[in-house]
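The values are calculated or read from the model by the stated rules, or taken from the named source; none is laboratory data. Please read all numbers here as calculations on a predicted model, not as lab measurements. For neighbour counting, all protein chains shown are included, and Cβ atoms are generated from backbone atoms with ideal geometry for every residue, glycine included.
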């Protein structure tokens, strides 16, 4: 039995539309990475970060992220965990558990929202953020 191998010849002279899209995408991505590194448009450091806990639109608590702890909110219906300068909702008695599924947050401006209990947990930094918003 004779086996044959197929060899495909690649023509470098033929550049397709998809090749151009790929090249432009790589160039845009690399330019964005370089600008991000040069201009410092990255996340704020979490050195002096604190978490603000709002309930029903009012500031309920300010938590220092330097100390690992668990905080019980809303008469035991919600447990907030702080570990390694990160925050998460560990337990909640709300029906869909979206605040628990949100996971850990650690950067300035990130939030966890629990709509049924009207609770918002937001990371704040001592310095103002470098970038307020990015629109594409």
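Is there a residue being modelled with pLDDT of 90 or more, on the phi < 0 side of the Ramachandran plot and assigned to a strand (DSSP E or B) anywhere in the range 29-52?
Yes.
Within the range 88-104, is there a residue that is within 16 Å of residue 125 (Cβ to Cβ) and in contact with a strand residue (DSSP E or B) (Cβ under 8 Å, 6 or more places away or on another chain)?
no
Which residues, taken from the range 102-122, are under 11 Å from the mean Cα position of the chain (by Cα) and part of a loop (DSSP other than H, G, I, E, B)?
The answer is 102, 103, 104, 106, 107, 108, 109, 110.
Report yes if residue 68 is at pLDDT 90 or above and under 20 Å from residue 107 (Cβ atoms), otherwise no.
Considered against the rule, which asks whether it is at pLDDT 90 or above and under 20 Å from residue 107 (Cβ atoms), residue 68 comes out as yes.
Would the range 12-22 turn up any residue that is at pLDDT below 75, loosely packed, with under 10 Cβ neighbours inside 10 Å and over 27 Å from residue 83 (Cβ atoms)?
yes
Given the conditions (1) under 17 Å from the mean Cα position of the chain (by Cα); (2) outside any strand (DSSP E or B), which single one is not true for residue 88?
(2)
Could you list all residues from the range 53-84 that are part of a loop (DSSP other than H, G, I, E, B) and surrounded by fewer than 18 Cβ atoms within 10 Å (Cβ to Cβ)?
56, 57, 66, 67, 68, 77, 84
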